[in-house]
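A.B. asks: Before I ask anything, let me first share the structure, which is written out below as structure tokens.
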Amino acid sequence: MIDFRSDTVTLPSPEMKQAIFDAKLGDDVYGEDPTVNELERLSAEMFGKEAAVLVTSGTMGNLVSVLAHCQRGDQIVVGDKCHIYRAEAGGIAALGGIFPTVLKNDSEGKLDLDEIEASIEPLNVHRAPTKLVALENTANAAGGKTLSKEYIDSVKKICDDNEVALHIDGARIFNASVALEMPVSELTKSVNSLTFCLSKGIGAPVGSVIVGSEKYIQEARKWRKMVGGGMRQAGIIAAAGIVGLNNHYAQISKDHKNATKLTKGLKKFPQLNVEDVETNLVFFSIDLPSPQKLADKLSSKGLLGGNAGSRWRFATHYGIEANDIDDALNIIELSLEEL
Ligand SMILES: Cc1ncc(COP(=O)(O)O)c(C=O)c1O
């Protein structure tokens, strides 16, 4: 099977499996797992932040990050297409009592700077106090587009002027860093907190990491414990993450090359309207009466990635090689001919 459904479907590399096998372990709730400690040290160092904490998933990372910034009744400014708002089961509201003010994401995943400024509520008994703005980089629903350092810093300036914090859902921040040819420490220097996923482009089986100041990460540890994320011998997760982080540049560069090749190939089919690609996510809409029929045909020939809707996403990731792109394009050509 060629599986383009998501960059979360990767299986651990032989090197990761060996690292998991060899990992030195301890009880991480006591702070005694040396491999978790090493992952957290490495993460903080890569991002130029004081500290880091391992969590189970990107969703938990965002939830814990927001909970550590906001009290019940506080307000967060988010985009209408961002994962925190649309795809995390309303956790910040259900578990945190945090009130989202939702701005429109543009086609590149950005929020309008004037709208951000206008949405920050003044201290007033009638208002939910604004404590946090959250951005997503890369912006998944916008086609894996990157947010530049200049844009992030402009948002941070507004946040600073209004004493509001800035969080980045950086599930795919390493894709942004590779595409923009800028280390994550530089790209995200100004932000207060960031969550990144080990289980996407990094290719590890489980986990995400939050980075920020020492004080903030201490607060995040409390919230992680509260939502059930205190893990014991979690070095078996961290070990694979360390391997993935150390190899991220080579892997993600390859994923982007494959995504570019896939995009070029898909653009040759007149039935597909393919969006420009920047990272590892290739989006296209389908001009056919039943996209589901195409999805069924593709999967019967060994290609996964379609869905019932008319806008599809194909993700490249560890395990997808250049020859898989050729094979996938052949399968698509054949399937379109048959329809
Ligand atoms: C942009 C973004 N943020 C957060 C997440 C959540 O990650 P997880 O699936 O590990 O909870 C995802 C998952 O697809 C994502 O695409």
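What follows is calculated from the coordinates using simple rules that are stated; it is not laboratory data. Just so it is clear, the structure is predicted and the values come from calculations on it, not from any experiment. Neighbour counts run over all protein chains shown; Cβ positions are idealised from the backbone, glycine included.
A.B. asks: Please give the FRET efficiency for ASP296 paired with ASN330, using the beta carbon to beta carbon distance and R0 = 25 Å, rounded to the nearest 0.05.
C.D. replies: 0.90
A.B. asks: Which order, highest average first, do 311-320, 191-200, 137-146, 150-159 follow once you tally other Cβ atoms within 10 Å for each residue and take the mean per peptide?
C.D. replies: 191-200, 137-146, 311-320, 150-159
A.B. asks: Can I ask one more? Classify segment 193-276 as rounded, prolate or oblate from the Cα gyration tensor: take a ≥ b ≥ c as the square roots of its eigenvalues, call it rounded if a/c is under 1.5, otherwise prolate when a/b beats b/c and oblate if not.
C.D. replies: Prolate is the answer for segment 193-276, as a/c is 1.5 or above and a/b outweighs b/c.
A.B. asks: Now, a different point. Roughly how big is the chain's charge dipole about its Cα centre, with Cβ charges of +1 (Lys, Arg) and -1 (Asp, Glu), in debye to the nearest 20?
C.D. replies: 520 debye
A.B. asks: Note down the net charge around ALA19, summing +1 for each Lys or Arg and -1 for each Asp or Glu among other residues with Cβ under 15 Å from its Cβ.
C.D. replies: With Lys, Arg at +1 and Asp, Glu at -1, the neighbours total -2.
A.B. asks: Next question, about the same structure. From the cross-link list LYS49/LYS149; LYS110/LYS189; LYS24/LYS49; LYS157/LYS215, which pairs have alpha carbons spaced over 27 Å apart?
C.D. replies: Flagged as over cut-off: nothing, all pairs pass.
A.B. asks: May I pose another question? Calculate the spin-label point distance for ASN246 paired with LYS225, positioning each point 7 Å from the Cα along the beta-carbon direction, and give it in nanometres.
C.D. replies: 3.2 nm
A.B. asks: DSSP beta bridges in the chain, what fraction antiparallel, as a percent rounded to 5?
C.D. replies: 50 percent
A.B. asks: Using alpha carbons only, how many angstrom separate the centre of segment 22-50 from the centre of segment 125-158?
C.D. replies: Comparing the Cα centres of segment 22-50 and segment 125-158, I get a distance of 28 Å.
A.B. asks: Please work out whether the chain counts as rounded, prolate or oblate from its C-alpha gyration tensor, where a ≥ b ≥ c are the square roots of the eigenvalues and a/c under 1.5 means rounded, while otherwise a/b larger than b/c means prolate and anything else oblate?
C.D. replies: oblate
A.B. asks: Additional query: If you take every DSSP beta bridge fully contained in segment 157-222, what fraction is antiparallel? Give it as a percent rounded to 5.
C.D. replies: The antiparallel fraction comes to roughly 50 percent.
A.B. asks: Still on this model: ASN162 to ARG311: FRET efficiency via 1/(1 + (r/R0)^6), r the Cβ-Cβ distance, R0 30 Å, to the nearest 0.05?
C.D. replies: Step by step, r from the Cβ atoms, then E = 0.25.
A.B. asks: Another question, if that's okay. Enumerate by residue number the GluC sites (Glu not before Pro) in segment 246-339 meeting two conditions: DSSP loop (anything except H, G, I, E, B), and at most 15 other Cβ atoms within 10 Å of the site's Cβ.
C.D. replies: Hits after loop and neighbour filter: GLU321.
A.B. asks: May I pose another question? Quick check: residue separation of SER154 and ARG232 times 0.36 nm, minus the Cα distance between them. What number comes out in nm?
C.D. replies: Extra length from SER154 to ARG232 when fully extended: 24.1 nm.
A.B. asks: Got a sec to turn the phi values of segment 271-286 into Karplus ³J(HN,Hα) couplings, 6.51 cos²θ - 1.76 cosθ + 1.60 with θ = phi - 60°, whole Hz, x for Gly and Pro?
C.D. replies: Result, ordered by residue: 6, 10, 10, 9, 7, 5, 9, 10, 10, 9, 10, 10, 10, 7, 9, 10 Hz.
A.B. asks: Be a star and scan segment 234-269 for residues whose amide nitrogen sits under 15 Å from the point 7 Å along the Cα-to-Cβ vector of ASP27.
C.D. replies: Inside the label zone: 234-235.
A.B. asks: Using a ≥ b ≥ c from the Cα gyration tensor of segment 295-339 (square roots of the eigenvalues), is it rounded, prolate or oblate, where a/c under 1.5 gives rounded and otherwise the larger of a/b and b/c decides, a/b for prolate?
C.D. replies: Since a/c reaches 1.5 but b/c is at least a/b, the shape of segment 295-339 is classed as oblate.
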